[in-house]
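Shown next, in structure tokens, is the structure this report addresses.
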Amino acid sequence: MPPTIELRAKQTFALTPRLQQSVRLLQLSSLEFQQELRNALDTNPFLEYDPSVSEDLSAGKTAENNGADGETLPSNERDNAMEGSSSEPATESVASSSDDGGDYSNNDYSSGDYSGDAYGRGPSRYNGDSDAADPTEWARVQPTLHEQLHDALRLYRLDDRDREVARLIIEALDDDGYLRQDLADLTDVFDIEPALTEDELLVALRLVQTLDRPGLAARSLSECLALQIDALPADTPGRDVAKQVVEHHLDRLARREHAELQKQIGCDAEELRVACALVRKLDPKPGNSYGRADDNYIVPDVIVRSVRNKWVVTVNPAVLPRARIHRMYAELFAQSAGASRSPLAQQLQEARWLIRNAQQRFETIQRVAECIVAHQKPFFQYGEIALKPLVLRDVAEELGLHESTISRATGNKYMATPRGIFEFKHFFPRELGTESGGTCSAAAVRALLKEMIAAENTRDPLSDVALAKMLADQGVLVARRTVAKYRHLMKVPPAELRRQV
């Protein structure tokens, strides 16, 4: 068949550039959004910082302090008051989500909606000695496992070959501190002349095992526990018996075959009890204690507080990036000939889109937060045990938004409440059935399990089967494996490891 030319018409749905930017900004965390705005301010000549940011934030802080006495303004009134204190009038109107552009022919390009940067590059409210202070620079970050071991290795006087072999062992460690690669496999990884031998790797492994916490660089659980026992003083009660248990009888210990253990080791019941108690105190994953973010801080996106017996949601002033259109540049550009055909026209349009999408982002986050608070009011009064089942679809239908929009608005977003700081996703627990035909949330079940375990007899702790029966007595029907799953999520060990003799 000879080639032919054919015309076909079809319809497709595509996001406009502005909607693409709106979707992308909504799914960013507060810190990522701050960075996004800073990049725009550094690259777009039509955006500038507002020098009145310090005054606006001070006014917001005063409003927060008044809220402690029960006189906090609602979010819309406070935002209006803060906008009214701006040195220039806010003339940028907020576009709806369907608005895909604007009229750029006039000279009015200013916007007071977001007139500054919470972590401003002007006079900083965090550190008066610096003009470019960043609060994240004050956060202490723990070194990772590999960084800690590399630092410790520098203290040893080694030749280049031995040092590189030790570094190879360190880099081969998993995050939990174990070496799960065979030494024979590592000989082919390192290209050095003469070729590495397993004896060299074994010597380097012994060195790495002494660099820091005992138990690191172990090749098995038995070796990890044995290294920790070797590091104990020689007069530690039960040390010798514990060493035999972890080296040869871990399986019997897990099955609680105490009689067989006494027979194999040749000790009495008291010696075995002391040795088993010593083994339980050891850390099976010593590498997990490195590189934790315990000292990092979460900046909440919204703040929930009680005002006159009502729960009020306000956007955290500390995360509001405040920027505006550079009035002088925008006016000069509008007066120039051929402005609409200049490449700068696209940058001006992007600047206006960024300001409008930023405001829409925080409006969406606040609406979602208010809906969550309305559904989960009992949580703020009674705690985790009062959390209700909630799904994204319920919030989407109530707000008239798409479920994917709610998912983006709740991802990596945090809420400061009188009970602590929680991620938005925390308020969407799974639904579980009850004996009466009603429902309860998985979070409430976990709270019940936590109370039951806290009140148990430590000499005879509750098993997963017993916990499931106690939940059934309260009308909550869950399987034993579900109890085990929730217990694992709460980082609670099984009953045999909770038992205290």
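The values are calculated or read from the model by the stated rules, or taken from the named source; none is laboratory data. Being a predicted model, the structure only gives us computed values, none of them experimental. Positions of Cβ are generated from backbone atoms using ideal geometry, with glycine treated the same way; all protein chains shown enter the neighbour counts.
The lone criterion from (1) outside the structural domain of Gln27 (by TED's automatic domain parsing); (2) at pLDDT 85 or above left unmet by Thr434 is number (2). For the stretch 176-204, a residue qualifies if it is out of contact with any strand residue (DSSP E or B) (no Cβ under 8 Å at 6 or more places or on another chain) and modelled with pLDDT of 85 or more, and the qualifying residues are Asp176, Arg180, Asp199, Glu200, Leu201, Leu202, Val203, Ala204. Total residues in the stretch 380-396 satisfying the condition of being out of contact with any Phe, Trp or Tyr (no Cβ under 7 Å at 6 or more places or on another chain) and not β-branched (Val, Ile, Thr): the figure is 9.
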